[in-house]
Amino acid sequence: MRRALALAKRGRTSPNPMVGAIVVKDGVIVGEGYHPRAGEPHAEVFALRDAGADAKGATLYVTLEPCCHHGRTPPCTKAVIEAGVSEVHAAMVDPDPKVASKGLDELRRAGIIVHPLLCEDEARRLNEAYIKHRTTGMPFVILKSAMSLDGKIATRTGDSKWITNERSRAYAHRIRSRVDAIIIGGNTARTDDPSLTARLGKKVFYPTRVVVTATGNIPPTLQLFQEPGEAVIAAPNHADLSQLRKLEQAGARIVTLEASDGRPSIKSLMRQLANDGCLSVLIEGGGEVAAWALEERVVDKIIYFYAPRIIGGRDSVDSVAGLGVETVASAVTLNNIRVKRFGEDTAIEGYVSYPAFDTCI
């Protein structure tokens with residue numbers, strides 16, 4: 001199953017889940033496959049094709065319950081049954097209401113022995129974005145920031161290149177390559193003029209690029225409008241329409257949202273992105289957008305990169321702005337912490353736990 005999970009990571013499948021499959025007969029792997037992208041055959045089909053006649057009487061290991069409905073491709077349960085597989089180990093039940101144990105039940109009715117929930121924790125972590133989208137209708141949101149040890153993402157002059165080292169930035173591009181959309185604030189867009197692409201060697205990925213602005217005052221000459229793929233301007237419904245039209249002419253899609261304290265609602269934006277098919281969203285900056293996202297409780301995971309630098313200064317830029325919490329007890333906390341080293345830099349990754357009562361960030 002862990003081999004199947006490793007295969008699943010090769011796919012770029014959004015809005016579908018990442019799935020890997022292994023066919024084993026007499027203790028030997030005779031077929032394997034993974035779902036490469038939406039619209040192509042699923043992992044089980046590739047693995048069964050690879051196994052050929054050896055699939056009959058074999059055991060299938062698959063990281064997600066086989067689908068039992070027609071989508072872009074036929075149901076995988078039919079392929080498994082027709083191949084003559086005798087046993088199926090599934091890492092987790094598919095949370096999609098169209099499946100939700102129906103696939104495993106169909107296999108059982110066909111006389112196949114089913115063993116569910118093998119390596120379930122690993123499988124759920126692999127598809128955490130898919131699970132959240134299918135169960136809540138909202139995307140899985142990661143808040144990422146690169147900062148000094150004292151929590152600064154830029155100096156008092158706005159300089160931020162580069163706080164963290166090249167290895168940290170390379171890993172950040174890997175994160176970018178795995179999400180459907182990247183969000184920054186208007187100040188970051190104007191100051192840094194980022195392209196918001198994901199560069200992995202010679203490969204370049206183009207997630208949806210979103211700028212959240214309270215005013216619509218975004219230069220139409222920014223790099224993010226020049227790159228392939230979609231650029232989105234998210235503004236409150238009271239923003240300057242003439243400015244928004246200029247951005248639309250530059251190629252941006254305009255999304256107007258309900259306003260909260262004069263700013264666009266991040267939660268409404270996430271709902272819109274989910275409706276557009278985005279399973280995962282990365283918030284990159286700056287401090288105001290980070291504060292809004294935490295205040296509206298849309299963040300699921302945080303990844304903070306720390307460089308061994310002290311920037312200091314009351315006018316330097318904090319990683320999280322806003323008012324801040326009133327008490328330590330009302331702070332947002334992280335659990336299931338993972339720590340990674342990138343040379344002298346350190347990355348801390350964890351899942352967000354919000355206090356039981358309302359708070360300000």
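The values are calculated or read from the model by the stated rules, or taken from the named source; none is laboratory data. Just so we're clear, the structure is a prediction, and the values are computed from it rather than from any experiment. We place every Cβ from the backbone using ideal geometry, glycine too, and count neighbours over all the protein chains shown. Ligands, DNA and RNA are stripped out before the accessible areas are found, and what is left, the full protein with its side chains, is counted by its heavy atoms. Shrake-Rupley method; radii C 1.70, N 1.55, O 1.52, S 1.80 Å.
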Hits in segment 20-33 (condition: open to solvent by 10 Å² or more (accessible area, probe 1.4 Å) and in contact with a Ser or Thr (Cβ under 8 Å, 6 or more places away or on another chain)): 24, 25
Taking only segment 46-76 into account, find how many residues are aliphatic (A, V, I, L, M) and under 26 Å from the mean Cα position of the chain (by Cα). 2
Output for segment 126-162, where each listed residue is among the basic types (Lys, Arg) and part of a helix (DSSP H, G or I): 132, 134
Considering every residue within segment 185-202, establish whether at least one is in contact (Cβ under 8 Å) with a residue 60 or more places away in the chain and within 17 Å of the chain's Cα centre (by Cα). yes
Residues within segment 316-358 that are open to solvent by less than 40 Å² (accessible area, probe 1.4 Å) and either touching a Lys or Arg at 6+ places or on another chain (Cβ under 7 Å) or touching a residue at least 40 places away in the same chain (Cβ under 8 Å) (or both), tallied: 11
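Please pick out the residue among 286, 277, 324, 312 that is at pLDDT below 90 and on the phi > 0 side of the Ramachandran plot.
Values: 286 fails: on the phi > 0 side of the Ramachandran plot; 277 fails: at pLDDT below 90; 312 fails: at pLDDT below 90.
Of 286, 277, 324, 312, the one residue that is at pLDDT below 90 and on the phi > 0 side of the Ramachandran plot is 324.
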Expected single match for part of a loop (DSSP other than H, G, I, E, B) and not aromatic (Phe, Trp, Tyr) among 337, 310 is 310
Matching residues in segment 164-200 - criterion: being under 24 Å from residue 311 (Cβ atoms) and of a type in the set (Gly, Ala, Ser): 168, 170, 172, 185, 186, 189
Going residue by residue through segment 228-237, is there one that turns out to be open to solvent by 10 Å² or more (accessible area, probe 1.4 Å) and under 23 Å from residue 260 (Cα atoms)? yes
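So, in segment 292-315, exactly how many residues are in contact with a Leu (Cβ under 8 Å, 6 or more places away or on another chain) and either without any contact (Cβ under 8 Å) to a residue 24 or more places away in the chain or aliphatic (A, V, I, L, M) (or both)?
At the first step, the residues of segment 292-315 found to be in contact with a Leu (Cβ under 8 Å, 6 or more places away or on another chain) are 293-294, 299, 301-303, 306-310.
Filter again for either without any contact (Cβ under 8 Å) to a residue 24 or more places away in the chain or aliphatic (A, V, I, L, M) (or both), leaving 293-294, 299, 302-303, 307, 310.
Of the residues in that region, 7 qualify.
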Condition first: farther than 13 Å from residue 257 by Cα, in a loop (DSSP other than H, G, I, E, B) and open to solvent by less than 50 Å² (accessible area, probe 1.4 Å). Now tell me which residues in segment 199-219 satisfy that. 207, 218, 219
Segment 232-270 - residue that is more than 26 Å from the chain's Cα centre (by Cα) and in a loop (DSSP other than H, G, I, E, B) and, of those, modelled with the highest pLDDT: 250
Matching residues in segment 68-98 (more than 23 Å from residue 133 (Cα to Cα) and of a type in the set (Gly, Ala, Ser)) number 4
Those residues that are part of a helix (DSSP H, G or I) and open to solvent by 40 Å² or more (accessible area, probe 1.4 Å), I need them from segment 271-291; list them, please. 271, 272, 275, 288
Any residue at all in segment 80-89 that is under 28 Å from the mean Cα position of the chain (by Cα), more than 30 Å from residue 306 (Cα to Cα), surrounded by fewer than 22 Cβ atoms within 10 Å (Cβ to Cβ) and modelled with pLDDT of 95 or more? yes
